[in-house]
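Report on one structure; see the data block that follows.
Taken together, the values in this text are just the output of simple stated rules run on the coordinates, not laboratory data. This one's a predicted model, so the numbers in the text were calculated from it and none came from an experiment. Cβ placement follows ideal geometry from the backbone for every residue including glycine, while neighbour counts extend to all protein chains displayed.
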Amino acid sequence: MKLQARLTQATRIVFALLFMMAVSMSSLSAITITAQEETIKVGILHSLSGTMSISEVTVKDSTLMAIEEINAKGGVLGKKLEPIIEDGASNWDIFNEKAKKLLLQDKVAVVFGCWTSASRKAVKSTFEDNNGLLFYPVQYEGLEQSPNIFYTGATTNQQIVPAVEYLIKEGKKKVFLLGSDYVFPRTSNTIIKEQLKALGGETVGEEYVPLGGTEFSTILAKIREAKPDVIFNTLNGDSNVAFFKQFTDAGYTAESLPTLSVSIAEEEVASIGVEYLEGHLVAWNYYQTVDTPENTTFVAAFKAKYGENRVTSDPMEAGYFGVYLWAAAVEKAGSVEVDAVKAAAGGITFAAPEGTVTIDGDNQHTYKTVRIGIVREDGLIDTVWATEAPVKPDPYLCTYEWAAALPKPEGGCK
């Protein structure tokens, strides 16, 4: 009987201990769940290494600044944003791997990221298949619309098309096309060639180098033979460093042969060297010199956070206000659920550094002001021409007769 009593008492003790452990684990689980619910995880996906890091690091920086500003004002839906940063490493397969990690493992509510169209297209199906949300901050070649992507950079009719129109009006009709060998330059140049035909211009050369390529001697010889009025430059990443140095060494200047670039902003000017770019043209929607009260505040805040020697630029400005647009859509929806955010987003406006931007609910692109700029001696960029108001995005160029022959998916033009 004594043995049985002892066993019964031991059993009770064991059960008591197991119960206490269960309560403890339950409490810990509740604490963990509560902690998870106190923040909203958001992803940042850019090339922090490799050939594209020259351009993408600054977009990561401005995106983080927007997140910190929003958190300082109380966050979104009363919760702080928790950024999870991943490096796409200038490799499209890695971009897709990191996108899957952010969506499936980290379960972020949104991803702010990508620069090149190759990286965007690499992750596009991942976002669509998993109903994720990507805010893409860089100008691109258009002819695309995804239900899971918001495009805060320029589409074609907000950068490339007006840039070509500007060149033709300035008498630059013989155009040499130079780009990196991937989807953005090749698609953009297909569009430019059609536009030049319609406007009485001429494509006198078309050359590509691999992304990250640094050898331009053969291309420079072809440029000399073609005698263009202007070079339309769609090179990306640090290939621009090699090209402009070799271009200058070959005896060319902005006066003897101007270039118009669509992927060189203030950050790239500083990296390449202003002595190689002074006087050359660029096409964007934002420059550090834009005269708005919001831009004065933005530039001061960015320099205070990252250093007085840092500059602001178009893609990082689009990355910055993209966070605010998403946050406004979440607040309007009362939820971070992707379908709810998408339904709420159309028509949302924000007083961005570049001026007022508005989400077009029909195509999830953004109304933006177009600006042609010229690089000045201190490395900043002055506006030489701009639209009077923000331009409605037309990613499929449906409003241009000359673009009718361009490939468009079914339903692209309604």
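Check which residues have an amide H placed less than 5 Å from Lys368's amide H, if you skip close sequence neighbours.
Under 5 Å from the amide H of Lys368: Val391.
What list of ³J(HN,Hα) values in whole Hz, one per residue of the range 315-321 in order, does the Karplus curve 6.51 cos²θ - 1.76 cosθ + 1.60 (θ = phi - 60°) give from phi, with Gly and Pro shown as x?
Per residue, the Karplus-derived 3J(HN,Hα) values read x, 6, 5, 5, x, 5, 6 Hz.
Given 0.36 nm per residue, what is the gain on full extension from Lys174 to Ala404 after removing their alpha carbon distance, in nm?
80.5 nm
At what distance in nm do the modelled label points of Ala340 and Thr297 sit from each other, each positioned 7 Å from its Cα along Cα→Cβ?
2.8 nm
What FRET efficiency comes out for Ala198 versus Ala250 if R0 is 45 angstrom and r is the Cβ-Cβ distance? Round to the nearest 0.05.
0.90
Where q = 0.14 Å⁻¹, what log10 of I(q)/I(0) comes from the Debye formula for the chain, counting one point per Cα?
Taking Cα atoms of the chain as identical point scatterers yields -1.25.
Express in nm, to one decimal, how much length is gained between Glu225 and Val57 on full extension, taking 0.36 nm for each residue of separation and deducting their alpha carbon distance.
Residue separation times 0.36 nm, minus the Cα-Cα distance, leaves 56.7 nm.
Using each residue's phi in the range 268-274, evaluate 6.51 cos²θ - 1.76 cosθ + 1.60 at θ = phi - 60° and report the 3J(HN,Hα) Karplus result to the nearest Hz, with x for Gly and Pro.
Coupling constants for the range 268-274: 6, 4, 5, 6, 6, x, 4 Hz.
Using unit Cβ charges (K, R positive; D, E negative) and no other charged atoms, how large, in debye to the nearest 20, is the dipole of the chain about its Cα centre?
For this selection, approximately 1580 debye.
Quick check: the distance between the Cα centres of the range 231-246 and the range 325-370, to the nearest angstrom?
Between the Cα centre of the range 231-246 and that of the range 325-370, the gap is 33 Å.
Between Glu331 and Asn131, what is the label-to-label distance in nm when each label sits 7 Å out along the Cα-to-Cβ direction?
Spacing of the two 7 Å Cα→Cβ label points: 2.6 nm.
I'd like the orientation of helix 2-37 relative to the chain: the angle between its Cα long axis and the longest Cα principal axis, in ° from 0 to 90, rounded to 10.
The angle comes out at about 20 degrees.
So for the pair Lys101, Leu77, with labels modelled 7 Å out along Cα→Cβ, what separation do we get in nm?
It works out to 2.6 nm between the two label points.
What value, in deg cm²/dmol to 500, does the helix sum -39500 (n - 2.57) over DSSP H runs of n ≥ 4 give at 222 nm once divided by the residues of the chain?
Calculated at 222 nm, the ellipticity per residue is -14000 deg cm²/dmol.
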